[in-house]
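Structure first, commentary second.
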Amino acid sequence: MSSDLDILVREEDGLPIIELAGDVDTYTCSRLRAAIMRLIEEGQFKMVVNMASVKYIDSAGLGIIVGGLRRVAEHEGGIALAGANEQIKRVLNITGLARIIDLFEDEDEAICSLKKIDRTETREDK
């Protein structure tokens, strides 16, 4: 099986946006991990992952997002997912990950949410 994932990292309103297009799976998730880790190494602990053009995500892809979320949380940061389709939202709900990953309808909502984070509680404290 051949998968393809395009990744564009850009900045919007002072926050990094990781824009994904394609499938996030076992074959492509290492590229997403590299993008997230590069931002963390640069001192970026708040980021949006725009999933509006993601067709599919498997457990490996979800694991990368959760791992990134753990790392940024150590620095009181956050990762917000924007524009996930209904299938991806369903997977996040079924796996229970929707309780720890912030989901937003669009990029603007995700940016606004992350800009409110300074020393707010983590989702586990809510």
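What follows is calculated from the coordinates using simple rules that are stated; it is not laboratory data. The model shown is predicted, which means the values in this text are computed figures rather than measured ones. Quick reminder, even Gly has a Cβ in these numbers, built from the backbone with ideal geometry, and neighbours come from all protein chains shown.
Taking the DSSP bridge list for the chain and keeping only pairs wholly inside it, about 35 percent are antiparallel. Evaluated over the chain, the count of Lys pairs having alpha-carbon atoms less than 16 Å apart is 4 (only pairs 8 or more residues apart or interchain). Computed over the alpha-carbon atoms, the chain gives an Rg to Rh ratio of 0.93, Rh here being the Kirkwood radius from the mean inverse distance. When you restrict to C-alpha pairs under 8 Å that are six or more residues apart and normalise by the size of segment 5-118, the relative contact order lands at 25 percent.
Ignoring the sites themselves, the chain has its longest run without GluC sites (Glu not before Pro) in a DSSP loop having at most 15 other Cβ atoms within 10 Å at 1-41. Net charge dipole, the chain: roughly 400 debye, given to the nearest 20, about the Cα centre with Cβ charges of +1 for Lys and Arg and -1 for Asp and Glu.
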